[in-house]
Every structure is written in structure tokens, then in C-alpha cells.
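Undergrad: Got a structure for you, written out below as C-alpha cells; questions coming shortly.
The values are calculated or read from the model by the stated rules, or taken from the named source; none is laboratory data. Predicted model, so just to flag it, every value in this text is computed and none were measured. Heads up, the Cβs are rebuilt from the backbone with ideal geometry, glycines too, and the neighbour counts pull from every protein chain shown.
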Amino acid sequence: MTLNDTLEVYIKTTSMALSRMYNAIAASYGISQTMGYILIYVEKEGTPSTKLAKLLGMKISSLTRILKNMESDGSIYKKLDDNDKRITRVFLTELGLEKRIIAKKTVLEFNEKLLNNIGEADLQAFFNVFKIINQHIKIETDKLYTSGFSENIPSNL
């Protein structure tokens with residue numbers, strides 16, 4: 001096996017191609033792929049910005065810049081939580097709701113195209129392989145945290 005034949009290469013190149021495709025689509029609507037996912041993840045009752053950061057695998061400082069841009073363009077607004085003033089909740093505006101419909105439709109349509117070209121057995125095998133990969137990633141990450149090398153691990157893992 002060469003490095004070009006590793007699972008990591010296939011996962012990374014596919015992920016990057018998917019990101020490029022979604023960013024190109026999103027750009028035609030004046031947003032980025034990340035903004036599209038934020039629009040999808042924000043719940044009706046508002047979503048804490050810390051939860052969004054975790055869902056997106058981002059540092060809160062990077063997310064804050066994106067949320068500020070989205071607030072400036074009128075897609076979202078932020079409000080302190082009624083019960084815990086330390087929590088800032090993100091809500092969609094009418095414009096954000098319109099953009100969310102487009103983002104959600106884009107993701108679902110592409111997934112449908114993929115599913116129409118993948119048999120059920122292949123799909124289940126794909127999910128099983130990714131579950132195994134994620135289990136091994138968790139094992140290796142847990143080892144790093146317990147071995148004292150955690151200062152080199154990004155906080156969003």
C-alpha cells in the first residue's frame with residue numbers, strides 16, 4: 001500500500017471536493033458552505049453559539065467572525081438566553097430562513113443523487129466502515145489525552 005492508497009487520502013480528497021462543490025454553490029447565493037451549515041443547524045428556539053462551534057468542529061473565535069458577518073447581512077440575530085445570561089443563542093431571521101430552505105434543499109438533493117447511484121448493501125458497508133474509523137479515532141484520541149500529550153491536540157476534537 002502506498003500513501004496514495006490510504007483511507008485518509010480518499011476521505012480527505014472526497015471531503016475537500018465536497019467542500020469545493022458546496023462552496024461554489026453557496027457562493028452563488030452570497031454565502032459559504034459553513035454559513036449554509038449554520039443555517040441548517042440553527043434550531044427554531046435558538047442554538048447556543050458554543051453548540052454550533054462543536055457541531056461544525058470550529059473554534060469559537062472562528063465561528064464568532066462568521067456569525068458577525070451573518071448578523072451584518074441580516075441572516076441571523078443573537079440574543080442572551082432567558083435562563084442563563086452566559087449563553088448567547090443564535091436565531092434565524094426571515095432572510096436566514098429563506099437561505100436555510102435553499103441550503104437544506106441543496107444538501108438533500110445532492111444526497112438523493114448519490115443514493116440513487118449507490119446500492120443499499122454498499123451504503124450500509126460505507127456507514128459501517130465510517131463507524132469503525134470513528135471508533136478507532138476515538139481510541140487513539142483518548143490515548144493521547146491520557147498520555148499527557150493533550151496540549152498538542154486541538155480543543156474541538
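Undergrad: Quick test for you: out of 22, 10, pick the one residue that is without any contact (Cβ under 8 Å) to a residue 12 or more places away in the chain and out of contact with any Leu (no Cβ under 9 Å at 6 or more places or on another chain).
TA: Values: 22 fails: without any contact (Cβ under 8 Å) to a residue 12 or more places away in the chain.
Sole residue among the options that is without any contact (Cβ under 8 Å) to a residue 12 or more places away in the chain and out of contact with any Leu (no Cβ under 9 Å at 6 or more places or on another chain): 10.
Undergrad: In this structure, does residue 123 turn out to be assigned by TED's automatic domain parsing to the domain that holds residue 47, out of contact with any His (no Cβ under 6 Å at 6 or more places or on another chain) and surrounded by fewer than 14 Cβ atoms within 10 Å (Cβ to Cβ)?
TA: No.
Undergrad: Turning to a different aspect of this structure: Name the single residue that is farthest from residue 64 (Cα to Cα) among those in the stretch 80-135 being in contact (Cβ under 8 Å) with a residue 40 or more places away in the chain and hydroxyl-bearing (Ser, Thr, Tyr).
TA: 106
Undergrad: Within the stretch 102-123, restricting attention to residues that are farther than 14 Å from residue 39 by Cα and of a type in the set (Gly, Ala, Ser), which residue is modelled with the lowest pLDDT?
TA: By that ranking, first place goes to 119.
Undergrad: Within the stretch 127-135, identify whether any single residue is part of a helix (DSSP H, G or I), more than 28 Å from residue 11 (Cβ to Cβ) and within 20 Å of the chain's Cα centre (by Cα), and answer yes or no.
TA: First, the residues of the stretch 127-135 that are part of a helix (DSSP H, G or I): 127-135.
Now drop any that are not more than 28 Å from residue 11 (Cβ to Cβ), which leaves none.
Within the stretch 127-135 (the criterion being part of a helix (DSSP H, G or I), more than 28 Å from residue 11 (Cβ to Cβ) and within 20 Å of the chain's Cα centre (by Cα)), the answer is no, since none of the residues qualifies.
Undergrad: Now a separate question. Looking at 144, 95 in this structure, which one is surrounded by 12 or more Cβ atoms within 10 Å (Cβ to Cβ) and outside the structural domain of residue 34 (by TED's automatic domain parsing)?
TA: Details: 95 fails: outside the structural domain of residue 34 (by TED's automatic domain parsing).
144 is the lone residue from the list that is surrounded by 12 or more Cβ atoms within 10 Å (Cβ to Cβ) and outside the structural domain of residue 34 (by TED's automatic domain parsing).
Undergrad: Right, something else. Considering the stretch 41-57 alone, what residues qualify as being surrounded by 17 or more Cβ atoms within 10 Å (Cβ to Cβ) and touching a residue at least 60 places away in the same chain (Cβ under 8 Å)? Give the derivation first.
TA: Taking the stretch 41-57 as the starting set, the residues that turn out to be surrounded by 17 or more Cβ atoms within 10 Å (Cβ to Cβ) are 42, 46-47, 49, 52-53.
Answer for the stretch 41-57, where residues must be surrounded by 17 or more Cβ atoms within 10 Å (Cβ to Cβ) and touching a residue at least 60 places away in the same chain (Cβ under 8 Å): just 53.
Undergrad: Checking the structure you have, find out if any residue of the stretch 37-44 is at pLDDT below 95, outside any loop (DSSP other than H, G, I, E, B) and either among the hydroxyl-bearing types (Ser, Thr, Tyr) or in contact with a Phe, Trp or Tyr (Cβ under 9 Å, 6 or more places away or on another chain) (or both).
TA: Within the stretch 37-44, none of the residues are at pLDDT below 95, outside any loop (DSSP other than H, G, I, E, B) and either among the hydroxyl-bearing types (Ser, Thr, Tyr) or in contact with a Phe, Trp or Tyr (Cβ under 9 Å, 6 or more places away or on another chain) (or both).
Undergrad: Of these, 26, 17, which one is in a helix (DSSP H, G or I), out of contact with any Cys (no Cβ under 7 Å at 6 or more places or on another chain) and exposed (fewer than 11 other Cβ atoms within 10 Å of the Cβ)? Before the answer, list the steps.
TA: Details: 26 fails: exposed (fewer than 11 other Cβ atoms within 10 Å of the Cβ).
The match here is 17.
Undergrad: Here is a further query. Would you point out the residue of the stretch 68-90, among those that are assigned to a loop (DSSP other than H, G, I, E, B) and either of a type outside the set (D, E, K, R) or modelled with pLDDT of 95 or more (or both), that is farthest from the chain's Cα centre (by Cα)?
TA: In the first step, residues of the stretch 68-90 are kept if they are assigned to a loop (DSSP other than H, G, I, E, B); the result is 73-75, 81-87.
With either of a type outside the set (D, E, K, R) or modelled with pLDDT of 95 or more (or both) added as a condition, the list becomes 73-75, 83, 87.
Values: 73: 21, 74: 21, 75: 18, 83: 27, 87: 21 Å.
My answer is 83.
Undergrad: Ok, one more. So, in the stretch 47-67, how many residues would count as being in a helix (DSSP H, G or I) and more than 20 Å from residue 85 (Cβ to Cβ)?
TA: Here is the first cut: in the stretch 47-67, the ones in a helix (DSSP H, G or I) are 49-56, 60-67.
Filter once more, so that each one left must be more than 20 Å from residue 85 (Cβ to Cβ): 54-56, 61-62, 65-66.
Residues in the stretch 47-67 being in a helix (DSSP H, G or I) and more than 20 Å from residue 85 (Cβ to Cβ): 7 in total.
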